[in-house]
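Comments concern the structure below.
The values are calculated or read from the model by the stated rules, or taken from the named source; none is laboratory data. Because the structure is a prediction, the values reported are computed rather than measured. Methodologically, a virtual Cβ is constructed for each residue, glycine included, from the backbone with ideal geometry; neighbour enumeration extends over all protein chains shown. Quick note on the areas: whole protein, heavy atoms, side chains included, nothing else; ligands and nucleic acids left out. Shrake-Rupley method; radii C 1.70, N 1.55, O 1.52, S 1.80 Å.
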Protein chains: 2
Amino acid sequence: MKAHKKGVKPNGVVTMRDVALKAGVSQGTVSRVLNGTPTSISISSDTQQRVMQAVEELGYYPNLAARTLRTQRTHLIAIMIADISNPFYHSIVRTIQDIVRVKDYDVMIANTDHHYEDEKRFCAAVMRRAVDGVIMVPFHLSTEEIDQVIKRTGTSIVALGKHITHPEVDLVYADDQLATYQGVHWLIADQGHQHIGFIGVPDSFPPGPRRLHGYEAALTEAGIALNPEYMVFGDFTAETGYQSMQNFLSLPTPPTAVFCCNDRIAIGAIAAAQDMGRRVPTDVAVIGFDNIPEATLIRPHLTTMAQHPVEMARQLAQALLERIEGKYTGTQRMFEVPCTLIRRDSA
Amino acid sequence: MKAHKKGVKPNGVVTMRDVALKAGVSQGTVSRVLNGTPTSISISSDTQQRVMQAVEELGYYPNLAARTLRTQRTHLIAIMIADISNPFYHSIVRTIQDIVRVKDYDVMIANTDHHYEDEKRFCAAVMRRAVDGVIMVPFHLSTEEIDQVIKRTGTSIVALGKHITHPEVDLVYADDQLATYQGVHWLIADQGHQHIGFIGVPDSFPPGPRRLHGYEAALTEAGIALNPEYMVFGDFTAETGYQSMQNFLSLPTPPTAVFCCNDRIAIGAIAAAQDMGRRVPTDVAVIGFDNIPEATLIRPHLTTMAQHPVEMARQLAQALLERIEGKYTGTQRMFEVPCTLIRRDSA
DNA sequence: TTGTATGCGTTATCAT
DNA sequence: ATGATAACGCATACAA
């Protein structure tokens, strides 16, 4: 038999029992005082005082594991994004954290680097921990896989992007096909470009095909033939932009404008152009996507199709909290957050 | 009385009892099979099969809250940083996550924005959750406050920076006073500058005074008088750099070189200089601190005193895991990670 | 080799 | 108004 004498606490952990002992009440009473007794209105303000004082003196903290076991609530929210080093996600993560924190939720973060493997691993973690809510940017997860998580844990889920569809998963997204179309259309109709490059991402990434379609639509509408040499695909990094622009500018007839699928690509592309002695936008115009803070740190300032991550994050957090708190229990909601073209100096 | 019939599970949650039932063994046996029975070597490979199959078919996931309550281990690691949008922390956070993940630890993140309030709040969260380990970048927390967390929860803690000292908290840090001295010394001795500006942070931030001292030491050693107009203080943002540089360049005798306490400040400073028609480094040289990825995205490429976040994160994660796993139980360890000057084009 | 029983710290349902 | 007491799901000492 171990040393299971009641009053003995070998480590420095203070439990409700200790508080109860010190306050001269039962442990159940302590619980009621601390939780504000939802049922009856009755807590003798005398014992209340004594309990609070004992809590104070002992420096009691509730044990969340025990509470979770009892209540099935973790007060934990899990966020799954591709890559914390992509500035686009910073304000998203920060905004979410700031919003849920006032309701005492802690935040877990997982990066997937767009790997299916890691997205699955995230689901497993969510199930083990029975997280209260999930905000994710799924790229490869299927509707079935997400459905499994919901069915098994009852977790509320909201997602950024229109990549999946599930009756109980609210979506916040930008119409990036339309936005791409508008950006390219502007390059043609407003800026008079005819030779327009496109640096995108492969079809295996959800945003890939949509943005490509937007590009193709704008060109086709203007009667410009699609030139395979003007369409390249990589990942969401500045390196992709750098190399792609190098290739473009080595062409016999280089594009006079380049639409980049995100700002990091655009920043890399501008760097490449400058390193090859070209002026932006005179020799080659560059337009990005996202409007990350770095857009105004580089010269020329980046013209870009802005997304509004703070607004998106606000919608995500709010929708999630509504579901967690049971204020909304209906079917899938879709929140579209429009993109807006921000004219600066690179195009 | 609620419906507490044993076999009934109203929601989709699968417990060990269900697995045991299906496998025709006791719940304790399931636990032993799943955990590899540390004590004896004995698990009948027959029952083992049956258990594993039941686990598979039912899609059982262990309930971490219950396990935590029993074992006092959360498999959670908490990271406290100032601001997730500071690129310096990206590789730190990512590296830590990647390392601890292979040992099945999840990661919680909190941003403090250098606010004392938020640092305290973080401590409270750590205590409630009884996190297994903590990696933090404390700015305002006192040794006593950290000691309390350790005493009460037994949590292992490692910290980035030499801002605190606790016998059980391992430290990973750069000697930034020395690094600042070296950077400024290089501007004087190697580059021949005499008028050197310094954009720092207030003394209330731990790195503030140290870096200032490094600057002062280099100047004093070279027999250059300290000029209060050349020493300004703000926060760690590009805006601070922008405004400070504007002020410098409006002086009757502007500095010919400016040492910035981090790269974001430096990037802002360069932008201001360029916007005022000055050339960098010809008219004014700029040197930063950290070596964030953006350093090579801007023109001119930023000359900077590089820290090595990946190396630091590796040390932090390794030291923490050693403490969590009890492989190291001794007193405070100090890991200094040297800074290195990276010459590029801005100075 | 496996089953039984107990307790981890809470919350919530009984009584009193 | 408050004190007992029973789970929550799991790990483990002990018995068999």
query: Taking A:ILE135, is it away from DNA strand D (no atom under 16 Å from the Cβ) and buried (at least 23 other Cβ atoms within 10 Å of the Cβ)?
result: yes
- prompt: Taking strands (runs of 3 or more DSSP E) that fall entirely within segment A:233-347, which contain at least 1 residues that are within 19 Å of A:HIS195 (Cβ to Cβ)?
  reply: A:257-260, A:285-290, A:303-306
message: Residues that are away from chain A (no Cβ under 13 Å) and either within 23 Å of the chain's Cα centre (by Cα) or open to solvent by 10 Å² or more (accessible area, probe 1.4 Å) (or both): does segment B:295-304 have at least one?
response: yes
query: What are the residues in segment B:99-108 that are under 15 Å from A:ASP83 (Cβ atoms) and modelled with pLDDT of 95 or more, if any?
result: B:VAL107
task: Test A:THR68 against the stated conditions and say whether it is surrounded by 12 or more Cβ atoms within 10 Å (Cβ to Cβ), under 38 Å from the mean Cα position of the chain (by Cα), modelled with pLDDT of 90 or more and within 14 Å of DNA strand D (Cβ to nearest atom).
output: yes
message: Given the options A:ASP118, A:ASP98, A:ASP83, A:ASP46, name the one that is open to solvent by 50 Å² or more (accessible area, probe 1.4 Å) and either part of a loop (DSSP other than H, G, I, E, B) or away from DNA strand D (no atom under 16 Å from the Cβ) (or both).
response: A:ASP98
query: Looking at A:VAL131, A:VAL126, which one is assigned to a loop (DSSP other than H, G, I, E, B) and either of a type outside the set (Asp, Glu) or facing chain B (nearest Cβ under 10 Å) (or both)?
result: A:VAL131
- request: For segment B:146-154, state whether one or more residues are of a type in the set (S, T, N, Q), at negative phi and in contact (Cβ under 8 Å) with a residue 60 or more places away in the chain.
  value: no
Residues of segment B:71-80 satisfying the condition of being within 9 Å of chain A (Cβ to nearest Cβ) and open to solvent by 20 Å² or more (accessible area, probe 1.4 Å): B:GLN72, B:HIS75
task: Can you give me the number of residues within segment B:138-167 that are open to solvent by 10 Å² or more (accessible area, probe 1.4 Å), part of a helix (DSSP H, G or I) and of a type in the set (A, V, I, L, M, F, W, C)?
output: 1
Residues that are among the β-branched types (Val, Ile, Thr) and within 11 Å of chain B (Cβ to nearest Cβ), drawn from segment A:134-152: A:VAL149, A:ILE150
message: in contact with a Pro (Cβ under 8 Å, 6 or more places away or on another chain) and not acidic (Asp, Glu): which single residue out of B:ILE157, B:ILE146 fits that description?
response: B:ILE146
task: Only one of these is in the same structural domain as A:GLU325 (by TED's automatic domain parsing), more than 19 Å from A:HIS75 (Cβ to Cβ) and in contact (Cβ under 8 Å) with a residue 24 or more places away in the chain: A:ILE164, A:ILE157, A:ILE135. Name it.
output: A:ILE164
Residues satisfying the stated conditions in segment A:183-206, i.e. surrounded by fewer than 22 Cβ atoms within 10 Å (Cβ to Cβ) and assigned to a helix (DSSP H, G or I): A:HIS185, A:TRP186, A:ILE188, A:ALA189, A:ASP190
- prompt: Right, A:SER91: at pLDDT below 90 and either open to solvent by less than 80 Å² (accessible area, probe 1.4 Å) or assigned to a helix (DSSP H, G or I) (or both) or not?
  reply: no
